[in-house]
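Novice: Structure in structure tokens, see below.
Each value in this text was obtained by applying a stated rule to the coordinates, not by laboratory testing. The structure presented is a predicted model; accordingly, all values stated were derived computationally and were not measured. In this analysis, Cβ positions are derived from the backbone assuming ideal geometry, glycine residues included, and neighbour counts consider all displayed protein chains.
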Amino acid sequence: MLKKFFYCLFGVLLFIGNVHAELKVDIVAGGVKPTSIAVQKFELAGNASASDAAVIRTVVEADLKRTGLFRIVNHDAFPEYVKMGKMPNFKSWAAIKTQVLVQAKLFAESGDRYKLEFYVWDVDGKEQIEAQSLVASRKSVRRLAHIMADAIYERLTGEEGYFDTQIVFIAETGPVHNRNKRMAIMDQDGYGMRYLSNKEDFVMSPHFSPNMQSVVFLSYYNEDPMVWTLDLNTGEQRRLGQFDGMTYAPRFSPDGTKIALSLVKKGISHIYEYDMETKKLRQLTFGYSLNTSPSYSPDGKKLAFNSDRSGRQQIHVLDLESGEEKRITYGAGRYATPAWSPDGQFIAFTKIADDTFYVGIMNPQGRNEKILAGGWFMEAPSWAPGSRRIVYYETEKDTDDIGRISHIRSVDITGQNVYDIELPDDINGVEPTWSPRLP
């Protein structure tokens, strides 16, 4: 079950000396110089575990480093050890080109809980810019670390953090032409992967509900392709409904009350909206073309989808209130799998042109297209909270020596800092979806 966390701001931020320009990390421009950050060894109180403290420190550093926005200062270069409540020697930290200093203390509390306090210092500005206290179960030290990293990231960038999140995906195993497809879930850094479906159930297209209580997905249970939901707390699976035709490509509405999906009848695929409360199905697209891959806008008023009604697969936007439809892509190639960013400023997409697959972003009007990655086969972009990173999967072309290999990768919206999310050696990852922040 998902564990509840409680955290609060403590202490008044301490400002020292003259007024300085606020430290702010630029996360929009490409190729910016990383901000150097030093994370001290944690102080311990009570019987707090030194190994747990070391894990938290390591995870925080790894989270921040993976963004490409921060450089972690080598521990051996630290000029001093500053205890909580003491003032850093800013001159000595500046001498090793440290811009941000983080202090932390781990307390063991009754009831098998930890309390983590930390301070963040702007070295150049000579001021304390963040002070927080987090409380969690001792078994959840990695979540403590992710929440701490989110707080530091948010203070330094002004954007929503995405470290305390998970990714649901399809884990493929076995030979290329006879692969098992199981739904799996992991932390955003690849840690703690576990399966959510059986080996015998062929599943695809998982997506989280907004409240992180369930996942909607396509299952071929009993060789009948239909949309199901999975309760992440109980493990209970439910078929969405009895429909006259195959259903696929499901996606929750932003408020979690509806699911948009594609339904095939008489060889024609249209998009429908299923109301979770009334159990009623409403048809949204019409005609004789293929319509699929629906994605709601953050306010729930519009739906992006791809359709071949113009003769070539392109992205369209449907106004759910007026019913008005508008094609937004006109570039060379075919466009598919639109995904609206959480802040509503972008639509991510897959593009196929000149025998190459691309993942890119554009604004909701279809303009300012920017390609972020390209390769032999890549698909299924999904947004992190904060709308600054995308996760997708890329499949390598077959060779004579190995089977087809698929990687889950992440890239920021500048097209910089692409990295793989590490999976077990025998697993190929496809169709990833990034969760909202955990409750």
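Novice: Compute the angle between helix 50-66 and the longest alpha-carbon principal axis of the chain, please, reported from 0 to 90 degrees and rounded to the nearest 10.
Specialist: Approximately 60 degrees, to the nearest 10.
Novice: Report the calculated FRET efficiency for residue 330 and residue 140 (r = Cβ-Cβ distance, R0 = 45 Å), to the nearest 0.05.
Specialist: On the way: r = 49 Å, r/R0 = 1.08.
So the FRET efficiency works out to roughly 0.40.
Novice: So for each of 144-150, 66-72 I average, over its residues, the number of other beta carbons within 10 Å; can you give me the resulting order with the highest mean first?
Specialist: In descending order of packing, they fall as 144-150, 66-72.
Novice: Below 8 Å between Cα atoms, with a sequence gap of 6+, how large is the relative contact order for the chain in percent?
Specialist: The value is 11 percent.
Novice: Please compute the modelled spin-label separation between residue 223 and residue 275, points set 7 Å along Cα→Cβ, answer in nm with one decimal.
Specialist: The two pseudo-label positions are separated by 3.7 nm.
Novice: Shifting gears a bit: Among 242, 406, 432, which residue has its Cα furthest toward the positive end of the charge dipole of the range 166-434, with +1 on Lys/Arg Cβ and -1 on Asp/Glu Cβ?
Specialist: The Cα lying farthest towards the positive end belongs to 242.
Novice: Cross-link list 91/126; 33/91; 41/86; 258/326: which exceed 19 angstrom alpha carbon to alpha carbon?
Specialist: Check vs 19 Å cut-off fails for 33/91; 258/326.
Novice: Can you tell me the length gained on complete extension of the stretch residue 50 to residue 321, counting 0.36 nm per residue apart and subtracting the Cα distance? Mind showing how you got there, number by number?
Specialist: Values: separation 271, 0.36 × 271 = 97.56 nm, distance 5.66 nm.
Going from the current span to full extension adds 91.9 nm.
Novice: Moving to a separate point now. In debye, nearest 20: dipole of the chain around its Cα centre with unit charges on the Cβ of K, R (+) and D, E (-)?
Specialist: In total the dipole reaches around 520 debye.
Novice: For residue 244 and residue 257, calculate 0.36 nm times their separation in residues minus their Cα-Cα distance, and state this gained length in nm to one decimal.
Specialist: 2.5 nm
Novice: Tell me the label-point distance for the pair residue 397, residue 367, using the 7 Å Cα-to-Cβ offset, in nm and rounded to one decimal.
Specialist: 3.7 nm
Novice: Given 0.36 nm per residue, what is the gain on full extension from residue 233 to residue 299 after removing their alpha carbon distance, in nm? Each step should come with its number before you reach the end.
Specialist: Working: separation 66, 0.36 × 66 = 23.76 nm, distance 2.68 nm.
Full-extension gain reported as 21.1 nm.
Novice: Test of understanding: extend the Cα→C-beta vector of residue 308 to 7 Å, then name every residue of the range 240-275 with backbone N under 16 Å from that spot.
Specialist: 263-271
Novice: Quick check: the angle from helix 141-157's long axis to the longest principal axis of the chain, C-alpha only, nearest 10 degrees?
Specialist: 90 degrees
Novice: While we're looking at this one, here's another question. If you count, for each residue, the other Cβ atoms within 10 Å and average over each peptide, how do 344-350, 195-201 line up from highest to lowest?
Specialist: Highest-to-lowest ranking by the protection proxy: 344-350, 195-201.
Novice: Which residue, 231, 426, 124, has the most motion in a Gaussian network model of the chain that connects Cα atoms within less than 10 Å?
Specialist: 426
Novice: What translational diffusion coefficient, in µm²/s and rounded to a whole number, does the Stokes-Einstein relation yield for the chain at 10 °C and a viscosity of 1.306 mPa s, taking the hydrodynamic radius as the Kirkwood radius over Cα pairs?
Specialist: 68 µm²/s
Novice: How big is the dipole moment of the range 311-380 about its Cα centre under a simple scheme where the beta carbon of each Lys and Arg is +1, that of each Asp and Glu is -1, and everything else is neutral? Debye, nearest 20, please.
Specialist: Once rounded to the nearest 20, the dipole reads 220 debye.
Novice: Sticking with this structure for a sec: With point charges of +1 on the Cβ of Lys and Arg and -1 on the Cβ of Asp and Glu, referenced to the Cα centre of the range 65-219, which listed residue (203, 84, 178) lies farthest in the positive direction of the dipole?
Specialist: Value: 178.
Novice: Rounded to the nearest 5, what % of the DSSP beta bridges within the chain are antiparallel ones? Don't jump to the answer; show the numbers that get you there.
Specialist: Values: 112 of 121 bridges.
Of the beta bridges lying entirely in the chain, close to 95 percent run antiparallel.
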